[in-house]
Amino acid sequence: MKNIILKKLDILNIPLDNQILIEASAGTGKTFNIALLYIRMILKININNSKTFNIKNINQIVLISYTNKSLEELKKRIIILLSELKQSCFLKHTTISYIKPFFKYIHDFEYTTSLLEYVENNIDYISCYTVHSFFSHIIQENKYFLKNVNNFTIFNNQKKIYIQSCYDFWRQYCYTLSYDIMKIIYSYWNTPEQLFSDIYPFLQNFNNFFLKHKKKNISINIQHLSLIKKIHSFKKFLFLNKIFIEKILQNKKNEMCQKNVKILEILLTWTKITTKDYYIPKEMNIIYLKILKKNICNIKKEKKKIIQTIINFSKIKFSIKEIFLHQAINFIKKNIKKIKLQENKLEFEDLIEIVYLNVVIKENPIFIYFIRKNFPIIIIDEYQDIDIKSNKIFNKIYKKQPRKIMLLIGDPKQTIYEFRGASINSYFNYKKNIIHQYYLDINWRSSSNLVDNINHIFSIKKYPFITKNILYKKIITPEKNKKMIFKINNIVQPSFRIFFNNIDKNLNIHQYYQWSSEQCAEDINFLINNIENKKAKIFIKNKVKILSIKDITILVRNQQESEIIQSALKRKKIVSKYFSKQKNLFHTQEAEEISWILEALLNIHEEKNIFKALSINILNIKLNTLFKISKSNFNENILIIFQKYLNILKTQGILNLIKYLIINKKKYFRKNKNDEKKYINFLTLGEILEQKYYQLKNLELVLNWIKKKIIEKNYKKNELNPINQSNYEYITIISIHQSKGLEFPIVWFPFSSAFLHHHNSFFSKKNQDLNSVLKTKFIKKSILHKKKLSEEIRLFYVAITRPSIHCSFTIAPINICNKKNNTYTDITNSGLGYLITSKKCTNIYDLKKIVQQTFSSQNNIEIFYYFSFLKNYIKKNNNQNKNIQKKKHIYLKKTIKKQFKITSYTNLLSEKTKESFYLPIFNKKKEKNNIYYKKKKIKTPFFFEKGQEFGTFIHHILKNINFNKTIDIILLSQQLKNFYFPQCWKKELKIWLEKIVNTTLLPLNIKLKELKKHKILKEFEFYMSVNKTLHNYQFNQCIKKKDKISSLSSNLEFNSFKGIVTGFIDLIFELNNKFFIVDYKTNWLGDNYADYNNKNIEKTMINHRYDVQYHLYGIVLHKYLKQRITKYSIKKNFGGIFYLFLRGMDINHNNQSIFYIPPNIKLMKKLNKLF
């Protein structure tokens, strides 16, 4: 077929007949034009056959897009246009430019108004689908005409099922193997997750490969034994022929150097070691290479045999990895098939396969007739991202069919989803057969200057996208877009800002990432400073808008790049957030593992549940350790450990159990980034479950609740994160793939010169099988290079077309090899590098010239060279801010709204950085301390254990005992058992508690024992809202002026916040219409009662900042009483706060160990204003 010339799109005059293709570049109003075409179809304007569909059944027009987001935007746009056209038809007049052309074809305004009103009222019934949801719908409607398709549901999380199957394989298969084989497997993969990451690319289509590898079905034990035998026999052979090996290592003078002597020693020692694994010394390669260099023809027959055995041995693959992978993939595939049959569930790929089988292969007439009859018109958005099989399905149904319309909208320049199955080649194959082809060339989104610069970059080469099928057509902009300007200090900023590293040295990829992230962070820091001073402004559509932090977006390729840029921003004290596909917290592996351990603890005598719980990441039990756990010692060892976990769960809660498991297993934070994320997930889930337990009051109900959440598809986002971040501004970081279809005022693309390596290129296709992966060595490197480079250019195009006003990016000479004297750069492997350079391999000095020639001619592009960019900034844009170079960090004070968060007294004290993480420390020397206490009898409370765990134990006892009655020794015994403290403490503990209860609280002259039960409140939990932003300097000024302890203490540092302060008050009691607070302290101040005097207590109060605690508790009680008591006053109703240092409390020492804080009326009123 001859080449078809693309025509400019005219919405109302293009023929709507059979297949139509519209190519819409970025920002050209694709969604808007689809909505106009949809309304044209409803009104049947210029449709060749008006009987194509019945307007009363509006779901006959199908809208298909790649994502649900784009469908929602399209639906919104249709609703807006419907209401605008309806109103215009009602008035029979309009001033809207895009509505006026419709009036030429509307003859009956009343009928059109009623028709549009009908469509508007039934807008929820229009057919909007993604590809998978459309196939699911037509399968459900025709399930009786299709074989082996019953009532099915779709897997919510496909990857999760594969991971679960991988875990099942790991347990069922690995635990049956011998210890030696397990050790070898453990050298390949430490965890099932690592195994899954290796096999996941092959799980889609592995049958084609494994049909040729039937030998891999042999037992792994047999293969292991045969390999061990081969190594063992070769060791014997090597030892017998050591004289010959000596001759190989000798030089022409029959001498051996020291290196060769060492080689021989290593090989001989290796022959003596018993063979248990596949270890072969590296020195064998040296001997092999030396043998290859020698001429074998001149050697005697006997020696030829020796050489041949060495060569044959070197060619053997000593690995069971392939067999293990085969068995793993085979097991997972079979397991998933079983699950599908048992649960009547399908994957998304199964939907395509079912439709493909019935439409393309079998050509099921009933099925095809149903689709054609019910959906005569189909509009496919993002057509370039549709996979090959879906393409074939749609073409089979609609191609050359009378009274059927298939409208395709796409842009081959934005084909960036090849890893999901999209094929640019299939797009061009189908494009050749489409007669009606149109294009959109007016960019309504971006400023004229920015579009001109994009045109300039992509016009340097004749074929900027490498392939001749994609030709770049210059984009134009309307007149109004010329007024879109970005100003700082009333100086117009360029649309492109390029940061160029002009040092005469190549950077390796890590150096480039570091340099580029620093430039980005410094530039954003500068922008934020001007935002703070309200000097950065955007002019859009004759409106002036002050630039905000939310207007700045950073684009990255992947999570690794986001972490690099986030760390650079953190150094500048700039808060950022990475938006990728946000994973539901309940759909993570951590949620599943928490449900396993809860199920094991609640059903502690079931071995299956406990073995399942033993494999969780938080316990970090190695594979060989699990293997050693046999059924004989299961009841003795494991059951005792899980009984301990159960007691912690019942006494201290779910969150404390998770914290205990993390610390007790010696897995610390900051060791690994992935581990850190997992721990944060564990602890976040622990907090959620803790809150749920307070509501349900039943652990079994909590377990059922989390199981339901794991299964649920839809979930509330607020439920996952109790902290609402809507009032919090941050720099947005988003992946290029996620940014597609979106627009941002200011965009930073920091790693524009970077590129991905080519060795992973064959894993990019979703439909790629192992057989084709193995054939990669026969494919020319140039083809692979072009394919990958074309993808890099398309990624760059998508990134650079996201901003509406301003874009910044970096250029630097990058060299992967990083050789010292290598002046050539690999920048041509990046999309940007290919577009601006003319040679295959560019010299550093040539790159400087190219950058200057390419960009200096453009008025709206500004180049900053290495470190000099900040000076240029200050001279050009900000003469008033001369001190910017001196400041290392620019602190944000005005524009950024502070984070809404839930905090407490403990968190405020521990908060030093913006993102500090608090985790209580358990006593690691507990077992040793227990032994010590068993040997040495405790005579006084001073010798009881120190630390947080003992403190919680005492608080728990004081909460549960009745002050008015004698202390029950059985209760103490049970509590000691629950907290794993020795039983020998119970007598001394009872004496001590009686002393605490009978000590007089001065100046009230009352004992805890004398307090009436109905007038005390233990463990009072509170949630105090902080509506105004609380700053640390305000709080410090307030408490230091009016309080003695606070005035002697250092300034309290915490991040300004708005939100909720939460906590527990140990005891509140009423006496003579006055309310008092009591807080228990188990601090160790010395071995004598004399050590618990007022001076030492004051020092402790200052060191631990207990003044902050009693100020918070005081204001909480003040607010609480104010709401509950009519005619409340501080003088009449607020009694004060007691701090009881329990170790020093004694009947004979009433004046000591008690610290009383009387109410300060002026201070409480000031604090009340702050909170």
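The values are calculated or read from the model by the stated rules, or taken from the named source; none is laboratory data. Note that the structure is predicted; figures quoted are calculated from it, not measured. In this analysis, Cβ positions are derived from the backbone assuming ideal geometry, glycine residues included, and neighbour counts consider all displayed protein chains.
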Does any residue in region 535-549 that is at negative phi come within less than 6 Å, Cβ to Cβ, of a residue that is surrounded by 14 or more Cβ atoms within 10 Å (Cβ to Cβ) and not in a strand (DSSP E or B) six or more places away or on a different chain, and which pairs are these? Lys535/Asn489; Ala536/Asn530; Ala536/Leu547; Ile538/Leu547; Ile540/Met484; Leu547/Ile531; Ile549/Glu729
Might you let me know whether region 407-428 holds any residue that is among the aliphatic types (A, V, I, L, M) and assigned to a helix (DSSP H, G or I)? yes
Some residue of region 67-79 being surrounded by 18 or more Cβ atoms within 10 Å (Cβ to Cβ), assigned to a strand (DSSP E or B) and at pLDDT 85 or above: no
Subset of region 429-460 [assigned to a loop (DSSP other than H, G, I, E, B) and either under 37 Å from the mean Cα position of the chain (by Cα) or in contact (Cβ under 8 Å) with a residue 24 or more places away in the chain (or both)]: Lys432, Asn433, Ile434, Ile435, Asp441, Asn443, Trp444, Arg445, Ser446, Ser447, Ile460
Subset of region 1153-1171 that is farther than 26 Å from Thr999 by Cα and among the aliphatic types (A, V, I, L, M) - its residue that is surrounded by the fewest Cβ atoms within 10 Å (Cβ to Cβ): Ile1161
Kindly establish whether Leu85 is in a helix (DSSP H, G or I), touching a Phe, Trp or Tyr at 6+ places or on another chain (Cβ under 9 Å) and surrounded by 14 or more Cβ atoms within 10 Å (Cβ to Cβ). yes
Only one of these conditions is not met by Lys396: (1) of a type in the set (Lys, Arg); (2) at pLDDT below 85; (3) not in a loop (DSSP other than H, G, I, E, B). Which number is it? (2)
I'm trying to understand the selection: among the residues of region 232-282, which are part of a loop (DSSP other than H, G, I, E, B), surrounded by 13 or more Cβ atoms within 10 Å (Cβ to Cβ) and of a type in the set (Phe, Trp, Tyr)? Tyr278
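A quick yes/no check of all residues on (1) farther than 30 Å from Val360 by Cα; (2) touching a helix residue (DSSP H, G or I) at 6+ places or on another chain (Cβ under 9 Å); (3) surrounded by 15 or more Cβ atoms within 10 Å (Cβ to Cβ):
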| residue | (1), (2), (3) |
| --- | --- |
| Ile61 | no, yes, yes |
| Lys100 | yes, yes, no |
| Asp108 | yes, no, no |
| Leu116 | yes, yes, yes |
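Rundown of residues vs (1) over 16 Å from Gln60 (Cα atoms); (2) surrounded by 22 or more Cβ atoms within 10 Å (Cβ to Cβ); (3) among the acidic types (Asp, Glu), yes/no style:
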{"position": "Lys373", "(1), (2), (3)": "no, no, no"}
{"position": "Pro376", "(1), (2), (3)": "no, no, no"}
{"position": "Glu382", "(1), (2), (3)": "yes, yes, yes"}
{"position": "Asp385", "(1), (2), (3)": "yes, yes, yes"}
{"position": "Asn391", "(1), (2), (3)": "yes, no, no"}
{"position": "Asn395", "(1), (2), (3)": "yes, no, no"}
{"position": "Lys399", "(1), (2), (3)": "yes, no, no"}
{"position": "Pro402", "(1), (2), (3)": "no, no, no"}
Please specify each residue of region 188-205 satisfying the condition of being of a type in the set (A, V, I, L, M, F, W, C), more than 23 Å from the chain's Cα centre (by Cα) and in a helix (DSSP H, G or I). Phe202
Test Phe324 against the criterion of being part of a helix (DSSP H, G or I) and either surrounded by 20 or more Cβ atoms within 10 Å (Cβ to Cβ) or modelled with pLDDT of 90 or more (or both), and give yes or no. yes
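Condition check ((1) touching a Cys at 6+ places or on another chain (Cβ under 9 Å); (2) closer than 20 Å to Ser70 by Cα; (3) of a type outside the set (Phe, Trp, Tyr)) across all residues:
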site: Phe428; (1), (2), (3): no, no, no
site: Tyr438; (1), (2), (3): no, no, no
site: Asp441; (1), (2), (3): no, no, yes
site: Trp444; (1), (2), (3): no, yes, no
site: Val451; (1), (2), (3): no, no, yes
Within region 988-1011, the residues that are of a type in the set (Lys, Arg) and without any contact (Cβ under 8 Å) to a residue 12 or more places away in the chain are Lys1007
Selection count, region 123-154, where residues are under 17 Å from Asn344 (Cβ atoms), of a type in the set (S, T, N, Q) and assigned to a helix (DSSP H, G or I): 2
Would it be correct to say that Phe1138 is touching a helix residue (DSSP H, G or I) at 6+ places or on another chain (Cβ under 6 Å), surrounded by 13 or more Cβ atoms within 10 Å (Cβ to Cβ), assigned to a strand (DSSP E or B) and hydrophobic (A, V, I, L, M, F, W, C)? no
Take Glu347 and tell me if it is on the phi < 0 side of the Ramachandran plot and not hydrophobic (A, V, I, L, M, F, W, C). yes
When both residues are 6+ apart or on different chains and their Cβ atoms are under 9 Å apart, which pairs have a first residue that lies in region 111-129 and is among the charged types (D, E, K, R), and a second that is surrounded by fewer than 17 Cβ atoms within 10 Å (Cβ to Cβ) and part of a helix (DSSP H, G or I)? Glu120/Ile79; Glu120/Ser83
Please verify whether Tyr463 is assigned to a loop (DSSP other than H, G, I, E, B) and either surrounded by fewer than 22 Cβ atoms within 10 Å (Cβ to Cβ) or more than 37 Å from the chain's Cα centre (by Cα) (or both), treating the condition exactly as stated. yes
Could you tell me whether Lys1018 is at pLDDT 85 or above, touching a helix residue (DSSP H, G or I) at 6+ places or on another chain (Cβ under 9 Å), crowded, with 16+ Cβ neighbours inside 10 Å and among the charged types (D, E, K, R)? yes
Check Ile185, Ile161 and return the single one that is assigned to a helix (DSSP H, G or I), touching a residue at least 24 places away in the same chain (Cβ under 8 Å) and within 28 Å of Ile354 (Cα to Cα). Ile161
State the number of residues belonging to region 342-393 that are more than 25 Å from Glu73 (Cβ to Cβ), outside any helix (DSSP H, G or I) and under 39 Å from the mean Cα position of the chain (by Cα). 4
Kindly provide the set of residues from region 982-1005 that are in a helix (DSSP H, G or I) and either touching an Asp or Glu at 6+ places or on another chain (Cβ under 8 Å) or at positive phi (or both), ordered by number. Lys995
Could you tell me which residue of region 1107-1135 is farthest from Asn1093 (Cα to Cα), considering only residues that are basic (Lys, Arg), assigned to a helix (DSSP H, G or I) and without any contact (Cβ under 8 Å) to a residue 40 or more places away in the chain? Arg1124
So how many residues does region 268-297 have that are farther than 13 Å from Ile310 by Cα and modelled with pLDDT of 80 or more? 14
